[in-house]
Amino acid sequence: MTAIVVFIDQINASGTLHSTSQQLLTLARSAGEAVVVVAGPVSEDLAAELGVHGVARVLHSEQSELADFLIAPKADLVAQVAASVSASAVLLENSPAGKEIAARVGVALNAGVITDAVTVENQGGALLAHKSVLAGSYMVQAQATSAVTVISVKSHSVEARAAAQTVVPVVERIEVTFGPASLGARIIRRTSRTASGRPELEDARIVVAGGRGLDGDFGPVEELADVLGAAVGASRAATDAGWISHAAQVGQTGKKVSPQLYISVGISGAIQQKAGMQTSKVIVAVNKDSESPVFEIADFGIVGDLFKVLPQAVEEIKRRRS
Amino acid sequence: MENAALNIVVLVKYVPDTQFDRHLTGENHRLDRNESILSELDEYALEAALAITDDRGGAKAGNFVTALTLGPASAVAAVKKSLQIGATSGVHVSDEALAGSDAWSTSLALAAAVRTLGPVDLIITGMSSTDGETSLVPTQLAARLGLPAITFASSLELDGTTVTARRDGDDVSEDIQATLPVLVSVTDQANEPRYPNFKGILAAKKKKITTLSLADIGLSADAVGHIGSLTRVDSAAERPARTAGTIITDAGDAGIQLVDFLAAQKLI
Ligand SMILES: Cc1cc2nc3c(=O)[nH]c(=O)nc-3n(C[C@H](O)[C@H](O)[C@H](O)COP(=O)(O)OP(=O)(O)OC[C@H]3O[C@@H](n4cnc5c(N)ncnc54)[C@H](O)[C@@H]3O)c2cc1C
Ligand SMILES: Nc1ncnc2c1ncn2[C@@H]1O[C@H](COP(=O)(O)O)[C@@H](O)[C@H]1O
């Protein structure tokens, strides 16, 4: 059976399997034999979880370069393993790091790279990726024409499933050679931010996003998000103003989300904002200006003051639940 | 020690204006390139280059900022705009055979073009193109040229030959350091791009634009374009445009109506 390499980053990680990695393993299993490459240690918990996902073979490196330099050494690791197991495909998560590894593996292995895949299907051994392009205005099906296919896959491409049979993976520690240029960009400092405890934007079923209309106070948006179990997003105007972390920005230069429900609050709906949210299933907009472009794409729009509408909605949800 | 003059290459892509509807056409599902402009995200790359060279006495002190584009004949407009904004010279890689190039062959051709420019200290690119949006080209170019890369820099500084940049991730920010030569892709957080002024527009007319064919950069037609690319688009379907739904004006109970709507949609 053909080997499908899945990369899992355990540098500064929890020692367990992230839900996106579980999805990649489910995908890999549908197309061949998943061979897992890990940057960093393989904890007992991780090995056990990989076994549940049917992974028989794990190769990992704990070389310090993987942590000390930006992404390139991880790409060297993935490319060398993929070559050594004659992989027909490499699957990565669609994060900036995942895409950069994809890019580099593409050059190293003369492989076509497809990013931002929303689903991947196996058609007689060929992996067909579906992705949304031009800010959600088209869906395309694309594939690599090279011997090796590299795809970075967005979360929720498949429902993660355990394998029919749990296996005990063989974990092999390896050392790889890093290209000279891979050791050129050194990480000199890491500053962690405290987690909000809310769902991750790209994973969330519901996103409540706030814009300049919040005038510095994200309270109403956070309260609505919390009663809905939603992630909090923002327009660039709100992140630029420093009201919320840049990581919350939705749009062309922020996160591209397509949740079941996107509630846009005090956001005008500029083209760059729409580029990150218009593939959401249902869009609700609250804005006091009836001329705001966001109303052109809203399934349900409220022309009104967010400081009145949101607290009332929060109270109503709590009332119905009690 | 005096800082040596710099040779900086900025990648600028000519892309369909995102303000208009964009379409895929033809059997290979290529992008219709009418109504195109210099990619707004590459303006941040150009600004980063100009800010660095301004600090070192600009063009007068021998610093070079070359705007490099790869695209059809019309793409020279992206170079011209860059010259108006302040780049010192332009290079336009253009050849029929390049049509339909994916990131793999675009980076191959861009690497070959950069090699014709002599020793380069710094390559600066946008964080992604606004049409392809893969963010693959910068790293692939760096890999081909054997340069270290710092991607998604939200700030960029050069001190002597040391580049320091910041990258903002979801739960961690990283400060990165590298020594020239290096490739950096910058985000829209990196700076505030300048506009061309009247003087710049006049000065641009005298600046040199070099056009390079595939032969000039030593590549054969089958290495690039639709034939050389390693990916292909099999099919494309336009999504029906979103239409407006129910719009209500708050008469005091809009919050409750919102909850009714969510309940009816089974979202709560
Ligand atoms: C290169 C580039 C990239 C960009 N990338 C992004 C991106 O990724 N994401 C993004 O969002 N933007 C992006 N932008 C910025 C974008 O163009 C807009 O400027 C931005 O989205 C505006 O944010 P906003 O809607 O919050 O602010 P505004 O446009 O100022 O809108 C605020 C809205 O709030 C409403 N409002 C005010 N008070 C209230 C109230 N009390 N109750 C209800 N409504 C109220 C107003 O009617 C108005 O419609 C980018 C721009 C550029 C040039
Ligand atoms: N054809 C091109 N000509 C010049 N620069 C390009 C081209 N394609 C990509 N780039 C550069 O690479 C960046 C990322 O593009 P992409 O990989 O297409 O998302 C852009 O912001 C440009 O700076």
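The values are calculated or read from the model by the stated rules, or taken from the named source; none is laboratory data. Just so we're clear, the structure is a prediction, and the values are computed from it rather than from any experiment. Quick reminder, even Gly has a Cβ in these numbers, built from the backbone with ideal geometry, and neighbours come from all protein chains shown.
Matching residues to (1) within 16 Å of ligand 2 (Cβ to nearest atom); (2) assigned to a loop (DSSP other than H, G, I, E, B); (3) modelled with pLDDT of 95 or more; (4) away from every other protein chain (no Cβ under 14 Å):
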| residue | (1), (2), (3), (4) |
| --- | --- |
| B:Ile8 | yes, no, yes, yes |
| B:Arg33 | yes, yes, no, no |
| B:Glu40 | yes, yes, yes, no |
| B:Leu50 | yes, no, yes, yes |
| B:Gly57 | no, yes, yes, yes |
| B:Lys60 | no, no, yes, yes |
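Are there any pairs, at least 6 apart or on different chains, whose C-beta atoms fall under 7 Å, with the first in segment B:119-147 and without any contact (Cβ under 8 Å) to a residue 60 or more places away in the chain and the second among the polar types (S, T, N, Q), and if so, which?
B:Thr134/A:Thr115; B:Thr134/B:Ser128; B:Ser135/B:Ser128; B:Leu136/A:Thr115; B:Thr139/B:Thr151; B:Gln140/B:Ser107; B:Arg144/B:Ser107
Taking B:Ala67 as the residue in question, decide whether it is of a type in the set (A, V, I, L, M) and in a loop (DSSP other than H, G, I, E, B).
Taking the combined requirement at face value, the residue does not satisfy it.
Cβ-Cβ below 8 Å, separation at least six or inter-chain, first residue in segment B:177-192 and within 18 Å of A:Gly251 (Cα to Cα), second part of a loop (DSSP other than H, G, I, E, B) and away from ligand 1 (no atom under 11 Å from the Cβ): which pairs?
Partner pairs satisfying both residue conditions: B:Val186/B:Ser154; B:Thr187/B:Ser154; B:Gln189/B:Ser154; B:Ala190/B:Ser154.
Would you check which residues across segment B:45-68 are buried (at least 24 other Cβ atoms within 10 Å of the Cβ) and either over 24 Å from B:Phe198 (Cβ atoms) or within 16 Å of ligand 1 (Cβ to nearest atom) (or both) and list them?
B:Ala45, B:Leu46, B:Ala48, B:Leu68
Tally time: how many residues in segment A:269-318 are more than 9 Å from chain B (Cβ to nearest Cβ) and over 26 Å from the mean Cα position of the chain (by Cα)?
Summing the residues that are more than 9 Å from chain B (Cβ to nearest Cβ) and over 26 Å from the mean Cα position of the chain (by Cα) in segment A:269-318 gives 8.
Hey, which of the strands (runs of 3 or more DSSP E) in segment B:103-180, taking only ones fully inside, have at least 1 residues that are surrounded by fewer than 17 Cβ atoms within 10 Å (Cβ to Cβ) and at the interface with chain A (Cβ under 7 Å from one of its Cβ atoms)?
In segment B:103-180, the matching strands (runs of 3 or more DSSP E) lie at B:172-179.
So which residues in segment A:229-254 are within 16 Å of ligand 2 (Cβ to nearest atom) and not hydroxyl-bearing (Ser, Thr, Tyr)?
Within segment A:229-254, A:Gly251, A:Gln252, A:Gly254 meet the criteria.
Listed here are the residues, each with its yes/no results for (1) touching a helix residue (DSSP H, G or I) at 6+ places or on another chain (Cβ under 9 Å); (2) surrounded by 18 or more Cβ atoms within 10 Å (Cβ to Cβ); (3) of a type in the set (D, E, K, R); (4) at pLDDT 95 or above.
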{"site": "A:Tyr262", "(1), (2), (3), (4)": "no, yes, no, yes"}
{"site": "A:Val284", "(1), (2), (3), (4)": "yes, yes, no, yes"}
{"site": "A:Lys288", "(1), (2), (3), (4)": "yes, no, yes, yes"}
{"site": "A:Gly301", "(1), (2), (3), (4)": "yes, yes, no, yes"}
{"site": "A:Lys308", "(1), (2), (3), (4)": "yes, no, yes, yes"}
{"site": "A:Ala313", "(1), (2), (3), (4)": "yes, yes, no, yes"}
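Out of segment B:258-268, which residues are at the interface with another protein chain (Cβ under 7 Å from one of its Cβ atoms), touching a Lys or Arg at 6+ places or on another chain (Cβ under 9 Å) and either over 15 Å from A:Asp299 (Cα atoms) or assigned to a helix (DSSP H, G or I) (or both)?
B:Val259, B:Ile268
Go through A:Ile11, A:Ile4 for me and flag whichever is of a type in the set (Val, Ile, Thr), touching a helix residue (DSSP H, G or I) at 6+ places or on another chain (Cβ under 7 Å), more than 30 Å from B:Thr164 (Cβ to Cβ) and not in a helix (DSSP H, G or I).
Going through A:Ile11, A:Ile4 in turn, the sole match is A:Ile4.
Exactly one of (1) more than 20 Å from the chain's Cα centre (by Cα); (2) closer than 28 Å to A:Ile244 by Cβ is unmet by B:Leu180. Its number?
Every listed condition holds for B:Leu180 apart from (2).
If you take the residues in segment A:250-268 that are within 6 Å of ligand 1 (Cβ to nearest atom) and facing chain B (nearest Cβ under 9 Å), which one is nearest to B:Thr18 (Cα to Cα)?
Looking at residues that are within 6 Å of ligand 1 (Cβ to nearest atom) and facing chain B (nearest Cβ under 9 Å), I get A:Gln252.
Report yes if some residue within segment B:15-25 is among the polar types (S, T, N, Q), away from ligand 2 (no atom under 16 Å from the Cβ) and farther than 28 Å from A:Ala270 by Cα; otherwise report no.
no
Which one of the conditions (1) touching a helix residue (DSSP H, G or I) at 6+ places or on another chain (Cβ under 9 Å); (2) at pLDDT below 95 does A:Gly197 fail to meet, given that it meets all the rest?
(1)
Could you pull out every one of the strands (runs of 3 or more DSSP E) wholly within segment B:182-257 that has 3 or more residues that are within 14 Å of chain A (Cβ to nearest Cβ) and more than 21 Å from B:Pro138 (Cα to Cα)?
The qualifying strands (runs of 3 or more DSSP E) are B:231-238, B:246-249.
One line per residue, one yes/no per condition, for (1) out of contact with any Phe, Trp or Tyr (no Cβ under 8 Å at 6 or more places or on another chain); (2) of a type in the set (Asp, Glu); (3) away from ligand 1 (no atom under 16 Å from the Cβ):
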site	(1), (2), (3)
B:Asp95	yes, yes, yes
B:Ala113	yes, no, yes
B:Ile123	yes, no, yes
B:Asp131	yes, yes, no
B:Phe152	yes, no, no
B:Asp159	yes, yes, yes
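If the requirement is being at pLDDT 95 or above, in the same structural domain as A:Ile297 (by TED's automatic domain parsing) and surrounded by fewer than 19 Cβ atoms within 10 Å (Cβ to Cβ), which of these qualifies: A:Gly242, A:Gly213, A:Gly254?
Going through A:Gly242, A:Gly213, A:Gly254 in turn, just one is at pLDDT 95 or above, in the same structural domain as A:Ile297 (by TED's automatic domain parsing) and surrounded by fewer than 19 Cβ atoms within 10 Å (Cβ to Cβ): A:Gly242.
For the structure I just gave you, tell me whether B:Thr130 is within 16 Å of A:Val113 (Cβ to Cβ), of a type in the set (Ser, Thr, Tyr) and either in contact with a His (Cβ under 8 Å, 6 or more places away or on another chain) or near ligand 2 (Cβ under 9 Å from one of its atoms) (or both).
No, not satisfied.
Could you check, for segment A:274-283, whether at least one of its residues is under 15 Å from B:Phe261 (Cβ atoms) and within 13 Å of ligand 1 (Cβ to nearest atom)?
Looking through segment A:274-283, none of the residues is under 15 Å from B:Phe261 (Cβ atoms) and within 13 Å of ligand 1 (Cβ to nearest atom).
Out of A:Gly136, A:Gly98, A:Gly124, report the one residue that is under 19 Å from the mean Cα position of the chain (by Cα) and modelled with pLDDT under 95.
Exactly one of A:Gly136, A:Gly98, A:Gly124 is under 19 Å from the mean Cα position of the chain (by Cα) and modelled with pLDDT under 95, namely A:Gly136.
Identify, please: which residue in segment B:102-152 is of a type in the set (D, E, K, R) and touching a helix residue (DSSP H, G or I) at 6+ places or on another chain (Cβ under 8 Å) and is, among those, nearest to A:Pro180 (Cα to Cα)?
Top of the filtered list is B:Arg144.
From B:Val9, B:Val76, B:Val15, grab the single residue that is more than 16 Å from ligand 1 (Cβ to nearest atom), buried (at least 22 other Cβ atoms within 10 Å of the Cβ) and touching a residue at least 12 places away in the same chain (Cβ under 8 Å).
Testing whether each residue is more than 16 Å from ligand 1 (Cβ to nearest atom), buried (at least 22 other Cβ atoms within 10 Å of the Cβ) and touching a residue at least 12 places away in the same chain (Cβ under 8 Å) leaves just B:Val9.
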